[in-house]
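Q: Below is the structure I would like to discuss, written out as structure tokens.
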Amino acid sequence: MIASFWNPTSRAKQAEVTARRIRSEDWVRQQITAARQRSPALKDAPVDALVSHTNRLRLAARELSRQAQQQPAASHASASEELFTSAAAAVIESIRQTFGIELFDVQLHAGFVIASDAVAEMQTGEGKTLSGVLPAYLKSLTGRGVHVITPNAYLAQRDQEKLDPVFSRLGVTTAILKEQADPSVNRQAYQADITYGPAHAFGFDYLRDQISLGDGSYSLYNRIRNRLHTSERIQRPLHAAIIDEIDNVLIDDAVSPLILSSGSGQQATDAELHRIACVVAKRLELDCHYVVDASQRVVHLTESGFQTVYKNREMAVHPQLVRPWHEYVTLAIRIKEFYRRDVDYVVSDRRIKIVDASTGRIFDDRTWSGGLHQAAEATERLPITAETRSLARITRQRFFRYYESIAGMTGTARGCEHEFASVYGLAVQPIPLRIATRRVMHPDCITRTMAEKWQAIAEETHQLHELGRPVLIGTSAISESRSVADALEQRGLTFALLNGVQDADEASVIREAGKTRAITVATNLAGRGTDIALDRVSRELGGLHVIVTQRSGLARVDRQLIGRGARCGDPGSARIYLSAEDDLIRLHAPWIARLLVRSNPSDLHSIPKIQRQLKTAQSNQQRREAGLRLRLLKQDNETATLLRRQTHRSGSC
């Protein structure tokens, strides 16, 4: 485990030490030069020779691991550098033999950064997938297992299938975690040298093991042991994790814990109460009966609200209550005020399905807890299912800190440096672009209403389409993508519409978004991890034009979308659209909305300081979310500590 559970100071110092090493230009240059000089000795080597090379490195890695437990790191630094160089030489040759390509220096640079237990910030299209081969190979040499973790199952399968021949040529085995598989299947996958899978799959298998082993933190759940396949541990002890899109996995997804739950699938016994609460909530008025904190999605009843809710005294003692009656009503109000259909959730097959706020992806198997899901079902007049029961839970922060080594890569680490350092002990190192960017960033287009914005987007798209340029329109929600689609259809434009679950079909559509005259409408991060290649004509015409339909609450998400175009020296352009009705302005900067509404339409593009104010609003939102994650981690740590103390006391009696 990396450092202690809760010691941000020591973690920040750990990140600082790593940063000093990886930011040394001399160190980077020496590593790359040494690897380049050594790789010719392995050129065209047969597989047997590469496997023998790996076996020699395994002996060296295990000896280094043994020495590290007995001596200071400085005493074996030269041997560690030698291992780095020899491993890099093997990876260079295996990739050359497998794909017929040479790794670029920037890819080796990123690989050395990740292998040093840090975050490599590498821009879209610079080759992050191949950059991850070196650290995965290097970490696998101790024989203790490496987990290559991705945001979703599709990317895990894609990368494992693509890179397995590279690792196989080196004598390293890989496997993929299968979702919904019997534990024995994934138990076998964990025995491979390198195991690929989505982040949540590793976390849930960890929780299953803790329940099976009767860990102190989960002893309260021993009664359900027999319902799980727990005759053997599924995972090996957590050794090394290499995380793709690491900001998405360790930060964006960390706002909610991993919860292993069970449910009967039957109708809720208190279903009628949720329906009544929904009716009552519709009658209550904001500021009269309740007040809200929109940034936290919190509702508080006023005195008048309490009196109205309990006007029917029988509801206070209803036999089907599983929580106080007023909590049913506040749940219904939260759905009414903060959760929007086709933004936060969709209705499909007469079920509520949650939409990932950061990616727009639809989750088929997730539910809200604490009765919120049932309140949404009541609002949409759907069958109200029984609440799931939590068997075990852990924050993503605490889970990933159990790994002895974590590292990763992303194109959007900037702005998260403090959280990476204080929570995970990770330094962030930007990797220079291989080829200077040719992106043209056009001025923002500002409108007063959403309707005006959709028409402006459709007009620009139409103009570029007539010129033959491809256009990618990134929306923040499914409802937005439908509004854009309607505006495009009014102009007779043909387009591809993507929102929801990422799979191979979605990736193939995104891959075609750079073709001449292509128009693609997608939620912000649909197809994340898939390169958009230009054809010859679209490149000559100016490349892909990216339209951002509104600024996200997180500037990183905007940068990620804009980075889909003008990659690797390709031409391209981008523009951000804004309106007074956008979520960022409406919820977090209402003064900007008032300013836009009062202004003359012809003056909207010249309003001073608006960009700076929007960036401030994004920074404030990022701080709020970071604070939420920090509170969640503290609560999780305190709960785990209390449970362990309780277990130790009961065991000593």
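Q: Does the range 259-294 hold any residues that are modelled with pLDDT of 95 or more, part of a strand (DSSP E or B), open to solvent by 40 Å² or more (accessible area, probe 1.4 Å) and of a type outside the set (A, V, I, L, M), and which are they?
A: none
Q: Got a number for residues in the range 254-295 being of a type in the set (Val, Ile, Thr) and touching a residue at least 60 places away in the same chain (Cβ under 8 Å)?
A: Total meeting the criteria: 3.
Q: Counting only residues that are among the polar types (S, T, N, Q) and open to solvent by less than 10 Å² (accessible area, probe 1.4 Å), which one in the range 132-169 is farthest from residue 242 (Cα to Cα)?
A: Looking at the filtered set, the residue picked out is 140.
Q: It is to be established whether one or more residues within the range 106-123 are among the charged types (D, E, K, R), under 20 Å from residue 18 (Cα atoms) and not in a strand (DSSP E or B).
A: The answer is yes; a qualifying residue exists.
Q: Any idea which of 528, 612, 551 is at pLDDT 85 or above and either surrounded by fewer than 21 Cβ atoms within 10 Å (Cβ to Cβ) or basic (Lys, Arg) (or both)?
A: 551
Q: Taking the condition of being in a helix (DSSP H, G or I) and closer than 22 Å to residue 355 by Cα, how many residues in the range 455-494 meet it?
A: Qualifying residue count, the range 455-494: 9.
Q: Are any residues in the range 178-204 of a type in the set (A, V, I, L, M, F, W, C), touching a residue at least 24 places away in the same chain (Cβ under 8 Å) and out of contact with any His (no Cβ under 9 Å at 6 or more places or on another chain), and if so, which ones?
A: Residues satisfying the conditions are 192, 199, 201, 204.
Q: Residue check, residue 426 against (1) at pLDDT 95 or above; (2) over 30 Å from residue 109 (Cα atoms), all met but one. Which one?
A: The one condition residue 426 does not meet is (2).
Q: Related question: Of the residues that make up the range 299-312, is at least one aliphatic (A, V, I, L, M) and modelled with pLDDT under 95?
A: no
Q: Counting only residues that are under 23 Å from residue 477 (Cβ atoms) and either at pLDDT 95 or above or not small (Gly, Ala, Ser) (or both), give me the helices (runs of 4 or more DSSP H) lying completely in the range 322-410 with at least 1 of them.
A: 325-338, 372-379
Q: Modelled with pLDDT under 95, surrounded by 15 or more Cβ atoms within 10 Å (Cβ to Cβ) and outside any loop (DSSP other than H, G, I, E, B): does that describe residue 76?
A: Spelling it out, residue 76 is indeed modelled with pLDDT under 95, surrounded by 15 or more Cβ atoms within 10 Å (Cβ to Cβ) and outside any loop (DSSP other than H, G, I, E, B).
Table: residues versus (1) open to solvent by less than 10 Å² (accessible area, probe 1.4 Å); (2) over 30 Å from residue 14 (Cα atoms).
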{"residue": "414", "(1), (2)": "no, no"}
{"residue": "424", "(1), (2)": "yes, no"}
{"residue": "454", "(1), (2)": "no, yes"}
{"residue": "463", "(1), (2)": "no, yes"}
{"residue": "466", "(1), (2)": "no, yes"}
{"residue": "478", "(1), (2)": "yes, yes"}
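So that you can scan it fast, the table gives a plain yes or no per residue for (1) modelled with pLDDT of 85 or more; (2) under 28 Å from the mean Cα position of the chain (by Cα); (3) over 19 Å from residue 293 (Cβ atoms):
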{"site": "565", "(1), (2), (3)": "yes, yes, yes"}
{"site": "574", "(1), (2), (3)": "yes, yes, yes"}
{"site": "589", "(1), (2), (3)": "yes, yes, no"}
{"site": "600", "(1), (2), (3)": "no, no, yes"}
{"site": "617", "(1), (2), (3)": "yes, yes, no"}
{"site": "623", "(1), (2), (3)": "yes, yes, no"}
{"site": "629", "(1), (2), (3)": "yes, yes, no"}
{"site": "634", "(1), (2), (3)": "yes, yes, yes"}
{"site": "650", "(1), (2), (3)": "no, no, yes"}
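Q: Return the only residue of 201, 120 being hydrophobic (A, V, I, L, M, F, W, C), closer than 26 Å to residue 361 by Cβ and open to solvent by less than 10 Å² (accessible area, probe 1.4 Å).
A: The match here is 120.
Q: Quick check on the range 345-388: of everything there that is acidic (Asp, Glu) and either touching a Lys or Arg at 6+ places or on another chain (Cβ under 6 Å) or in contact (Cβ under 8 Å) with a residue 60 or more places away in the chain (or both), which residue is farthest from residue 271 (Cα to Cα)?
A: 364
The values are calculated or read from the model by the stated rules, or taken from the named source; none is laboratory data. These numbers come from a predicted model, not from an experiment. As a convention, Cβ positions derive from the backbone with ideal geometry for all residues, glycine included, and neighbour counts pool all protein chains shown. Calculation scope for accessible area: heavy atoms of the full protein, side chains included, ligands and nucleic acids excluded. Shrake-Rupley method; radii C 1.70, N 1.55, O 1.52, S 1.80 Å.
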